[in-house]
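Down below is the structure, laid out as structure tokens.
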Amino acid sequence: MALFEKVSHYSALHPKPVGLVLQYGTSGFRTNAKQLDHIMYRMGLLAVLRSKKTKATIGVMVTASHNPEEDNGVKLIDPMGEMVTPLWEEYATQLANAEQEGLVTALNDIIEREAVNMSQDASVFIGKDTRPSSERLSQAVLDGVSSLGAHGHDYGLLTTPQLHFMVRCKNTDGSYGNATMEGYYTKLSQAFIQLTKHVPNRTDDQKRLLVDGANGIGALKMREMEPFLQNELQVLLYNDGSQGKLNYLCGADHVKVLQKLPQGVEIAAGDRCCSFDGDADRIVYYFNDSAGKFHLLDGDKIATLISIYLKELLTQAGLDLQVAVVQTAYANGSSTRYLEETMKVTVRCVKTGVKHLHHAAQEFDIGVYFEANGHGTVLFSKAAEGRIKQLALDPNTDDEKKRAACLLENTINLINQTVGDAISDMLLIEAVLAIRDMTVQQWNAIYTDLPNRQLKVKVADRRVIDTTDAERRAVKPAGLQDAIDVLVKKYQMSRAFVRPSGTEDVVRVYAEADTQENADALAHEVSVTVY
Ligand code: 16G
Ligand code: ZN
């Protein structure tokens, strides 16, 4: 068959190193860029099959997010802009690991199992981050797409969430927005301007925000977006990629894990700052107080701020819609306590990885999900969106209710509901702070984080550790959890867990306790039990 002859021919130009085995992990394939050429080609092929199967446009993003510049990665995006389903992740792993001579058989196997109609049209959107290897690797994806006779639309440089947005726009015929850069900037900036335009007397200080772009794509895209914001937000951009190396000593992951300022950001006491990660799907905020002490506002603080805002608007609008917050084991204990006990919202804890949070959040009228590392968004059910829009339009709605419903409607437009989006989250946070007339210090004071520490431990085989209860308890190896329980009991307000990383060959350790010294000691003691 001519089609597969083409695959055989082109795949030889993207040969798989014999014996190399890679897994489609938590966020796709991710490793040193040198090992990825064949993976990219094959993900181009798989995206075509997925597109034929779903009769919709599929996305392929080339990025390794917060990982070092030398790494790269790839993930597939499903029709509504969500992560590809677990079964297709398995297909991705199978296709990636087929030796060269078995590739066509592996491809055929998927076609048969999924009964893919090969005469169906296919469409694939491709995006890439600013890594030097991304150009070549995205070309390999395009080769894969075209060797199955399909059309690939290459957007070039994009943030990961922008590609998710494009895919959803394309598959929803304009109701979510236009699948262009301008469509993205216009939708978000209009919503932001609508939200902030009624806030009286916003000072220049309130409009000013320092942004650490992690020397990546987020910085580039912030620059592009600036004119659309019409000075309603004045961004001072640092680590814009003109000098520094991607993610090196900067970016959201660096700031969150080390709990300190990124290099290259000049900050005065009280300045409001945020950091994106390398593909701009994560964000954390921070400031230095007048004593020069650093304060981090992570994903948990963001989820709390957004939930407070949404709950208040729902009350004002008289809408009886349930707000729930989805977290992972890394959520600071203080945040969970505040959400459950003070705010009385439902809190759900799930396994690490955006797909797990996203899935759980879909079960509620309004699901706010954030990982502590700053990846998150808000999902509105169709019914919730419908009720909000109806109320905003209803001529009989009184003024207060109408105001709240309009704010909610613009909030929906500001949010990228496909996946966490640093730019969209940043604009939402800025709007909420403006509408509620809050400073970053007031936001930070909503609750006090428990001191915590994260460590990683190199072990011979991280798979010997198996966890349960949303990764909060270890079930294997025998005795490990008992040992952790004994250590945790030694401290006040303490909690600790271990889990094998889904992206690195390490075991991660998390501990929190009443003081930083105790959190550090507990993390250290737990890490010793892992060896
Ligand atoms: C990936 C996940 C992120 C998660 C992290 C955990 C996506 C898009 N990204 O970066 O959500 O926090 O992995 O990494 O799902 P770990 O398993 O190495 O701790
Ligand atoms: Zn990322």
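The values are calculated or read from the model by the stated rules, or taken from the named source; none is laboratory data. Because the structure is a prediction, the values reported are computed rather than measured. A quick note on method: Cβ atoms are made from the backbone with ideal geometry, for glycine too, and the neighbour counts reach across all protein chains shown.
Is one or more of the residues making up segment 56-79 in a helix (DSSP H, G or I) and within 16 Å of ligand 1 (Cβ to nearest atom)?
Step one: of segment 56-79, the residues in a helix (DSSP H, G or I) are none.
Checked segment 56-79: no residue is in a helix (DSSP H, G or I) and within 16 Å of ligand 1 (Cβ to nearest atom).
Quick check on my filter: what residues within segment 361-403 are touching a strand residue (DSSP E or B) at 6+ places or on another chain (Cβ under 8 Å) and among the charged types (D, E, K, R)? Matches in segment 361-403: E363, D365, E371. Among the residues of segment 271-304, just one is without any contact (Cβ under 8 Å) to a residue 60 or more places away in the chain, hydroxyl-bearing (S, T, Y) and farther than 21 Å from L249 by Cβ, namely S290.
Run down R499, R508 and say which single residue is more than 16 Å from ligand 2 (Cβ to nearest atom), crowded, with 20+ Cβ neighbours inside 10 Å and under 30 Å from F287 (Cα atoms). Before you say what the answer is, go through the steps one by one.
Numbers: R499 fails: under 30 Å from F287 (Cα atoms).
Just a single option satisfies the conditions, and that option is R508.
In segment 492-531, what count of residues is obtained for those that are within 16 Å of ligand 1 (Cβ to nearest atom) and part of a strand (DSSP E or B)? Final tally of qualifying residues: 10. Restricting segment 285-300 to residues that are among the hydrophobic types (A, V, I, L, M, F, W, C) and buried (at least 17 other Cβ atoms within 10 Å of the Cβ), the residue that is nearest to V211 (Cα to Cα) is F287.
Quickly run through segment 361-387 and pick out the residues that are more than 16 Å from G81 (Cα to Cα), of a type outside the set (D, E, K, R) and more than 16 Å from ligand 2 (Cβ to nearest atom). Across segment 361-387, the qualifying residues are F364, I366, G367, V368, A383, A384, G386.
Would you confirm whether or not segment 38-54 contains a residue that is outside any helix (DSSP H, G or I), touching a residue at least 12 places away in the same chain (Cβ under 8 Å), surrounded by 14 or more Cβ atoms within 10 Å (Cβ to Cβ) and away from ligand 2 (no atom under 16 Å from the Cβ)?
Taking segment 38-54 first, the residues outside any helix (DSSP H, G or I) are none.
Checked against the condition, which is being outside any helix (DSSP H, G or I), touching a residue at least 12 places away in the same chain (Cβ under 8 Å), surrounded by 14 or more Cβ atoms within 10 Å (Cβ to Cβ) and away from ligand 2 (no atom under 16 Å from the Cβ), segment 38-54 yields no hits at all.
If you take the residues in segment 189-206 that are assigned to a helix (DSSP H, G or I) and touching a residue at least 40 places away in the same chain (Cβ under 8 Å), which one is farthest from A405 (Cα to Cα)? Please lay out each step first, then the result.
As a first pass, look at segment 189-206 and keep what is assigned to a helix (DSSP H, G or I): 189-196, 204-206.
Imposing the further condition that a residue be touching a residue at least 40 places away in the same chain (Cβ under 8 Å) reduces the set to 189-192, 194-196, 206.
Working: S189: 19, Q190: 17, A191: 14, F192: 15, Q194: 13, L195: 11, T196: 15, Q206: 25 Å.
Per the stated criteria, the residue is Q206.
Against the test of being more than 16 Å from ligand 2 (Cβ to nearest atom) and surrounded by 14 or more Cβ atoms within 10 Å (Cβ to Cβ), the options D520, D437 yield a single qualifying residue, D520. Looking at segment 265-377, the strands (runs of 3 or more DSSP E) lying wholly inside it that each contain 1 or more residues that are of a type in the set (D, E, K, R) sit at 346-350. Sub-7 Å Cβ pairs linking a first residue in segment 2-31 that is within 16 Å of ligand 2 (Cβ to nearest atom) to a second residue that is of a type in the set (K, R) and in a loop (DSSP other than H, G, I, E, B), at least 6 apart or interchain, number zero.
Restricting to segment 320-348, and then to whatever is among the β-branched types (V, I, T) and away from ligand 2 (no atom under 16 Å from the Cβ), can you tell me which residue is farthest from A519 (Cα to Cα)?
Initially, segment 320-348 is screened for residues among the β-branched types (V, I, T), giving 323, 325-326, 328, 336, 342, 345-347.
Of the ones still in play, those that are also away from ligand 2 (no atom under 16 Å from the Cβ) are 323, 325-326, 336, 342, 345-347.
On the way: V323: 31, V325: 25, V326: 24, T336: 18, T342: 25, V345: 27, T346: 27, V347: 24 Å.
Only one residue tops the list, namely V323.
Any idea which of Q259, Q327, Q322 is more than 16 Å from ligand 1 (Cβ to nearest atom) and modelled with pLDDT of 95 or more? Steps first, answer last, please.
On the way: Q259 fails: modelled with pLDDT of 95 or more; Q327 fails: more than 16 Å from ligand 1 (Cβ to nearest atom).
Being more than 16 Å from ligand 1 (Cβ to nearest atom) and modelled with pLDDT of 95 or more holds for just one of Q259, Q327, Q322, which is Q322.
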